[in-house]
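What follows is calculated from the coordinates using simple rules that are stated; it is not laboratory data. It should be emphasised that the depicted structure is a prediction, and the values quoted were computed from it without experimental measurement. Every residue, glycine as well, gets a Cβ built from its backbone with ideal geometry; the counts of neighbours run over all protein chains shown.
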Amino acid sequence: MSAILALNNVRKNFGATEIIVGVDLEIHNGERHAIIGPNGAGKSTLFNLISGRYPVTSGTITLRGEDIHNHTPFEINRRGLGRSFQVTNIFPNMSVFENIRIGVLWDLGCKYAFWRFVARDKAVQERTESILEKIGMSARRDVPAGLLSYADQRALEIGITLGSDPDLIILDEPTAGMSHSETDQAVSMIKEVSQDKTLVVVEHDMGVVFGLADRISVLVYGQIIATDVPDKIRSNKAVQEAYLGAVEE
Amino acid sequence: MEIFLFSLFNGLLYGMMLFLLASGLTLIFSMMGVLNFAHASFFMLGAYFAYTISTLVGFIPALIVAPILVGVIGALVEKYGLRPVHKFGHVAELLFTFGLAFLIEEVVQLIWGRVAMDYQIPAFLKFTAFSWQGLDYQAYRVFMLLVSVGIFVALYWVLTRTRVGLIIQAALSHSAMTGALGHNVERVFMVTFGFGCALAGVAGVIGGNVLGTEPAMALQLGPIVFVVIVIGGLGSLGGALVASIFIGVLDFMANSYDLSFAPFFSLLGISADMGGTWTDLASLSSANIAPVLPYLLLVLMLIFRPRGLFGTRDV
Amino acid sequence: MMGNAQKVVPWLVLALLLVFLPVWFNSSFALTILSRIGIMIIFAIAYNMLLGQGGMLSFGHAVYFGMSGYFTVHFIGGMQDAATPYFPISLLPILGGLIGLILGILIGYVSTRRAGTTFAMISLGFGEMFTALTLVLVAFFNGEEGIQADRWVGPEPLGITFGPDIQVYYLIAIWTFIAVAAMFILTKTPFGRVSNAVRDNPERAEFVGYNTQRVRWLAFALSSFFAGLAGALYAVNYEHIGFETVSAATSGLVLFMVYIGGVRNFLGPIIGAVLITVLDSVLSDFSEAWFLYLGVIFIITVMFAPEGLAGLIFMHEPIWKAKPALLRALFVPYLMALGATLVACVGLIGLFELFYHVSQDLVVPDEMNLFGIVTDTASVLPWIVYAVIAGVGLFLCREAYPRTKMVWDDVISETRAALVQ
């Protein structure tokens, strides 16, 4: 199996504080990979490094063999990486439909075009509609995003991420704050949209993690202490210690 | 040489007055994140109040009362005007202070009229303090310098030696944390804003009779103060001091040593006899470009190094 | 579907207004105002491309307006001296737009590398620089005097000389229509949508593949083009250009227009441009304090109605769409609040005008004309009367506003419930 994303001895310091302390990680093409770890382990920071929000202090990150560390977020996104945010990061004044459409525009070649109507672009319309369907928001397409319920906003968050049809989808705590039924809906939606893609997820909900992931990596104090299939992780002593018994079925 | 020292003295003077303005602005910005567009308007109010008070009572009362008046107005503006706008974000705050500057200028014009006021240097300071190398140094200007330096020293002492000063220093760099530690941040804001405006008021009192007291004075001086704090670095009082003096001295030097740029333009093949705009360019000198210089520096600094010379935070 | 008809109607209305207003109001005073309104509409919408659509606050946008004006005046003058080739006056706005565009590309490249307050300060810096330059480069700017030009030049196709004001008005009207349509279309393009996205959440826009700095640069350049177009029309209309057209005063005026009109809505700048131009032309004769009132209106808008007049109007759009019957509930509270405000304003403005009149201790008669009533400012009576009116008005406002707010809250929550089923 080839690695679509590879992190090599990645370190990140904020001032004198080391947050990421030498992370080696390989994400296989087409797999569903979960990253778990106690609070403050650095999971969001890791995502921020991968997606270009922060530069690395040292180490390399490659996407399909090409360096992407220290690139701008838009450069990385254009190479086929899409990420969602833990704190909902949508366009509150625009409708649901428009939110998703913004995610679609660049990938379908619209770029900075100011000489034609966006509504007439069939490819844009179709992809936006299909994502709208997949995340189950077709009924609320015209609602201003700021007025949506929390769970709907989380779904929209993922919808925007899918806009650019990325090969590698990174989701940062997609089900955070959701009820049981909302979580189940979200998980089946995530499974469906990530069918032919590579998926990396950060999650706290162990039920989601063990139901979704092919492999799990455990991040503790900025280091990966284990990467393996779910069963092996479950029985891993170091992992159990790190979680102080918080592993639930 | 005499010209150099004379320009230096006057430049220093102008710079110290700029510093009085810039220090207030820096305090306000660092503490509250608000760029007070109306800061020079409080300078103008100080000058006008001083004019009226000194005409009715005398200069010394004006020197004491006018800044206090301006400070109180500033504090009220903060409490009833700026604070409600805070929730709309920094852009709204900037727009509010912009509108305020406009408003103050109109009110001043309406009350005192559009003509410049004859705000005189007080008679008891109207003499030559000393003569050196053929040039006379006016007593009032020495007085201005003493007052500004005195305020600077007092400011420095308060900030570094008193408890209030330490709180302000803390809030200057880490305002959220200071609030979390239990200090009444709202009151600190109000007092800081008022105090910053009072500083501008003092500058108005001592500078108004030298620079001229007229409705356009805020619009003329305001942008220069922005230039000063951007070049010095936002959040840095030391930087504000350095930049104020630099700009002040630069202005006077450019005017005194009217350097012609003709040689530079002749290198580009532009000479004075080409007519029209080329003539204008070729006849440019440091004196007539002096008004443009601060803005050129502002733009260059913002493009290449937005945090200024000594700044601790970006704009 | 109603959709297509609904889209065309506003444009028909605009066209009809542009064509027929000078017929209905056919004094030369009215024509002057209408011409100015047209120019300001273009300038205001162009400015809103930056502020409302792009989220960039600029204090120096008059540079593109004024520089284009200077260029246009020089060009017209050049045509008369046969120094420049002939170019139809009617097409000069395109040249003016190009001047604005070029300046916008250059200055925009360095300005848009920063955002927020830094951007605002850079714009101020450039604005002040150009203003200072007008006094230094005398040959081009002619300092405080400015430059004159005579637009009656060149061949006269169909007998159109652009000498008479009415001809210039219709030229302005045509360009206003074209410019407004063009800028409206821009909002419907991919660029327009992304510009809004960058305004709302620049970070997210980066993560979906957009270089936000490029987007803002493009918005800046296009906005400068239309500002330049307006500037050229200004030069043709007034046949004169002066340094105030690049100064902070003009930049401030367009900011006032756009903000009071409403930044979040395409109609906002139009409303602001019309309102303030009309008030400026009409009220400045009646009251020296007009600019002060404008400043107060601006501050009130910033503090209490940041969405502007257009925002206040379109705040009702969800109600209109979801449950129009609820609008009836608002009618009486609005009427009462408006009445109270009017009373308070009459009182306060009256007092203020009295005060202003008295504070001018020049050779001014005690009598003044206040609200059309001959008033003796030396007597105590008018002061008392207006003070009472003001007091009553303020009291009524205190009563009316909270009640209106309560009704509004009820109406809007009912609407929300109906909307997000």
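Packing, as the average of other Cβ atoms within 10 Å across residues, places the peptides A:174-184, C:69-79 in the order C:69-79, A:174-184, highest first.
Cross-link partners for C:Lys7 among the aspartates and glutamates, with Cα-Cα distance under 17 Å and sequence neighbours closer than 8 places in the same chain left out: C:Glu317. Projected over all directions and averaged, the alpha-carbon convex hull of the range B:60-107 occupies 3.7 nm². Per-residue shielding of B:112-119, expressed as the average number of other chain Cβ atoms within 10 Å of the residue Cβ, stands at 1.
According to the Cα-based calculation, Rg over Rh for the range B:29-119 is 1.03, with Rh computed by the Kirkwood formula. Translational diffusion of the range B:2-214 was estimated from the Stokes-Einstein equation, with Rh taken as the Kirkwood radius over Cα pairs; at 10 °C and 1.306 mPa s the coefficient is 87 µm²/s. Could you list, in their original order, any pairs among A:Lys111/C:Lys188; A:Lys134/A:Lys191; A:Lys12/A:Lys232 whose Cα atoms are separated by more than 18 Å? Those over the limit are A:Lys12/A:Lys232.
So for the range C:317-419, considering every pair of alpha-carbon atoms, how many percent are separated by more than 18 Å?
59 percent
Across peptide C:224-230, the mean count of Cβ atoms from other chains lying within 10 Å of each residue's own Cβ comes to 0.
Listed by chain and number, the lysines whose C-alpha is less than 21 Å from the C-alpha of C:Lys323, apart from same-chain residues fewer than 8 away, are C:Lys405. With a 10 Å cut-off around each Cβ of A:88-95, the average count of Cβ atoms from other chains is 4.
Given the -39500 (n - 2.57) contribution per DSSP H run of 4+ residues, what per-residue ellipticity at 222 nm results for chain A, rounded to the nearest 500 deg cm²/dmol? So the helix-based figure for chain A works out to -9500 deg cm²/dmol. Between the C-alpha center of the range A:193-209 and that of the range A:84-134 there is a gap of 23 Å.
Is the range C:1-150 best put as rounded, prolate or oblate by its Cα gyration tensor, with a ≥ b ≥ c the root eigenvalues, rounded for a/c under 1.5, and otherwise prolate when a/b is larger than b/c, oblate when not?
In terms of gyration-tensor shape, oblate.
Residues A:Cys110, B:Cys197, arranged from fewest to most other Cβ atoms within 10 angstrom of their Cβ, appear as A:Cys110, B:Cys197. Once backbone amide H atoms are built at 1.01 Å from N, B:Ser271 has no partners under 5 Å, excluding neighbours fewer than 5 places away on the same chain. Couplings for the range C:222-235, taken from phi via the Karplus curve 6.51 cos²θ - 1.76 cosθ + 1.60 with θ = phi - 60°, read 5, 4, 5, 4, 6, 4, x, 4, 4, x, 5, 4, 4, 5 Hz in order; Gly and Pro are left as x.
Relative to the longest principal axis of the Cα atoms of chain B, the long axis of helix B:293-304 makes an angle of roughly 60 degrees. Taking the inverse of the mean reciprocal distance over all distinct Cα pairs, the Kirkwood hydrodynamic radius of chain A comes to 18.7 Å. Relative contact order, whole percent, for chain C stands at 22, derived from Cα pairs under 8 Å and 6 or more residues apart. Each part gets one Cα centre, and for the range C:229-299 versus the range A:3-70 those centres are 53 Å apart. Report note on the peptides B:262-268, B:201-207: ranked by the mean count of other C-beta atoms within 10 Å, highest first, their order is B:201-207, B:262-268. What does the charge add up to near C:Leu292, with Lys and Arg as +1, Asp and Glu as -1, over the other residues with Cβ less than 12 Å from its Cβ? Computed value for this residue: -4. Near A:Val56, the amide H atoms lying under 5 Å from its own belong to A:Asn70; only residues 5 or more places off or on other chains count, and H is placed 1.01 Å from N. Principal-axis analysis of the Cα atoms of chain B puts helix B:139-161 at an angle of about 40° to the longest axis. With a ≥ b ≥ c the root eigenvalues of the C-alpha gyration tensor of the range B:220-313, is it rounded (a/c under 1.5), prolate (a/b larger than b/c) or oblate? It is prolate, given that a/c is not under 1.5 and a/b is the larger ratio. The simple Förster model, with R0 at 25 Å and r as the Cβ-Cβ distance, assigns C:Trp24 and C:Ser284 a FRET efficiency of 0.60.
Pairwise Cα separations in the range C:9-314 fall into 10 Å bins from 0 onward with the following percentages, short to long: 6, 27, 36, 23, 7, 1. Reported value for the protein assembly as shown: 220 Å³ per residue, from the convex hull of its C-alpha atoms. When peptides C:222-228, A:226-232, C:201-207 are ranked by their average number of other Cβ atoms within 10 Å per residue, the highest-first order is C:222-228, C:201-207, A:226-232.
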